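In what follows, a structure is listed as structure tokens, so that the remarks can point back to it.
The values are calculated or read from the model by the stated rules, or taken from the named source; none is laboratory data. Note that the structure is predicted; figures quoted are calculated from it, not measured. Counting neighbours? That spans all protein chains shown, and the Cβs are built from the backbone with ideal geometry, glycine included.
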Amino acid sequence: MTSNFERTPLALPNGESKVLLHSCCAPCSGEVMEAMVASGIDFTIFFYNPNIHPRKEYDLRKDENIRFAETFGVPFIDADYDRDNWFARAKGMENEPERGVRCTMCFDMRFERTALYAHEHGFPVITSSLGISRWKNMDQINDCGRRAASRYSGLTYWEYNWRKAGGSARMIEISKRENFYQQEYCGCAYSLRDTNRHRIATHREPIKLGVMYYGTERDDAAK
């Protein structure tokens with residue numbers, strides 16, 4: 001079920017006809033997917049997010065993404081969960097702040113794999129749902145995306161600003177409509193650690209995985 005919002009048709013760069021969409025989660029990719037579907041764009045979802053910790057949280061986010069992709073019949077590529085490699089690359093950056101060098105490393109790692117898959121499977125364009133979140137630095141994300149695409153001749157990173165024209169607001173609307181799982185931290189172990197430290201310091205309960213959903217709270221999901 002798509003939104004009744006009247007959208008301006010989108011066009012891929014260089015007149016290309018298909019795109020590989022790196023997706024971090026269902027809430028962030030919901031609006032991106034609906035916009036592409038409304039424009040008749042041929043796209044495939046590439047789920048590569050080894051940063052997400054712990055495994056329970058990873059599976060929750062991935063399964064929600066698969067569920068929504070299936071409603072549109074969109075192909076879904078479930079890439080490796082090589083979290084050991086992610087932790088190795090994050091070594092020495094454990095105490096860096098959000099939006100700092102650790103996040104750049106993380107975006108680089110995810111885009112590098114996305115670009116490689118696109119190169120090996122004939123996708124001329126890559127893009128990502130990461131930039132729709134107001135919690136992310138869009139320039140940082142786009143720099144990583146362009147850097148990854150530049151490794152391969154003929155591959156373009158699509159920098160479309162998914163926040164504009166009310167995109168961020170529709171992201172929330174779609175999440176509520178679909179009752180998506182509502183993650184309460186960025187995804188990595190250090191984000192979870194720092195978020196819980198802040199919550200405890202402000203006299204709030206630590207995060208309970210699998211409980212919060214947009215519009216409802218499912219206590220049974222935490223079991």
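Just a few scattered comments:
- Residue match in the range 26-38 (condition: out of contact with any helix residue (DSSP H, G or I) (no Cβ under 8 Å at 6 or more places or on another chain) and charged (D, E, K, R)): no
- Residues of the range 188-210 satisfying the condition of being of a type in the set (D, E, K, R) and assigned to a loop (DSSP other than H, G, I, E, B): ARG204, GLU205, LYS208
- Residues of the range 123-167 classified as touching a residue at least 60 places away in the same chain (Cβ under 8 Å) and either in contact with a strand residue (DSSP E or B) (Cβ under 8 Å, 6 or more places away or on another chain) or in a strand (DSSP E or B) (or both), total: 11
- Scanning the range 168-187 for residues that are more than 15 Å from the chain's Cα centre (by Cα) and part of a loop (DSSP other than H, G, I, E, B) yields one hit, ASN179.
- Sole exception among (1) at pLDDT below 95; (2) polar (S, T, N, Q); (3) farther than 25 Å from SER168 by Cβ for ASN137, by number: (3)
- Looking across the range 148-157 at every residue that is crowded, with 20+ Cβ neighbours inside 10 Å and of a type outside the set (Ser, Thr, Tyr), the one that is farthest from ARG7 (Cα to Cα) is identified as ALA148.
- Evaluation of PRO75 against (1) buried (at least 16 other Cβ atoms within 10 Å of the Cβ); (2) without any contact (Cβ under 8 Å) to a residue 40 or more places away in the chain; (3) under 23 Å from TYR157 (Cβ atoms) (one fails), failing number: (1)
- Listed by first and then second residue, the pairs with beta-carbon distance under 6 Å, at least 6 apart or on different chains, first residue in the range 27-49 and of a type in the set (S, T, N, Q), second buried (at least 22 other Cβ atoms within 10 Å of the Cβ), are SER29/SER23; SER29/SER129; THR44/LEU20; ASN49/CYS24.
- Some residue of the range 54-66 being assigned to a loop (DSSP other than H, G, I, E, B), modelled with pLDDT of 95 or more, surrounded by fewer than 21 Cβ atoms within 10 Å (Cβ to Cβ) and on the phi < 0 side of the Ramachandran plot: yes
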